[in-house]
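Asker: Could you have a look at this structure, given as structure tokens, before my questions?
The values are calculated or read from the model by the stated rules, or taken from the named source; none is laboratory data. Every value quoted in this text rests on a predicted model; they were computed, and no experiment measured them. Positions of Cβ are generated from backbone atoms using ideal geometry, with glycine treated the same way; all protein chains shown enter the neighbour counts. Accessible surface is based on the protein model in full, side chains and every heavy atom, while ligands, DNA and RNA are left aside. Shrake-Rupley method; radii C 1.70, N 1.55, O 1.52, S 1.80 Å.
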Amino acid sequence: MGYKVNFMDLDAVKRVGIGAAYKGGSVLRSFYGKLSRIEKKGAIDLVTEADTASEKAIVAAIRRAFPDHAILAEESGLTSGNADALWLIDPLDGTTNYIHSLFPVAISI
């Protein structure tokens with residue numbers, strides 16, 4: 001009885017994740033203090049154009065490097081892919097703070 005072992009280059013995954021976070025951060029900086037659209041997606045859950053644009057930039061960066069990986073992102077949901085690789089993304093963790101130009105905020109990947 002043998003086990004199939006899948007090896008993944010975790011250094012490459014880390015580099016792509018950090019690069020994707022920087023791309024998302026660049027998008028967030030471009031919207032900082034200049035939001036034109038704030039919507040409610042739940043009773044106390046807010047979303048802005050900065051959230052969605054950051055998520056698009058992050059997902060695009062990951063897709064370029066790992067087109068077969070699955071992605072679960074806060075705004076767009078689940079994109080299926082390789083069951084052995086799942087990226088979890090919150091493109092703007094701290095939206096309420098961000099809206100009011102307060103810190104801390106973060107990108108979580």
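Asker: Would you list, by chain and number, the lysines whose Cα falls below 17 Å from the Cα of residue 14, excluding same-chain residues fewer than 8 positions away?
Answerer: Residue 14 reaches 23.
Asker: Packing-wise, with mean Cβ within 10 Å as the measure, how do 80-89, 16-25 rank, highest first?
Answerer: 16-25, 80-89
Asker: Please calculate how many Å² of accessible area the range 26-109 carries per residue, with a 1.4 Å probe and no DNA, RNA or ligand atoms counted.
Answerer: Each residue of the range 26-109 exposes 57 Å² on average to a 1.4 Å probe.
Asker: What value, in deg cm²/dmol to 500, does the helix sum -39500 (n - 2.57) over DSSP H runs of n ≥ 4 give at 222 nm once divided by the residues of the chain?
Answerer: It comes out at -13000 deg cm²/dmol, rounded to the nearest 500.
Asker: I would also like to ask the following. Give me the percent of accessible area attributable to carbon and sulfur for the chain, probe 1.4 angstrom.
Answerer: 59
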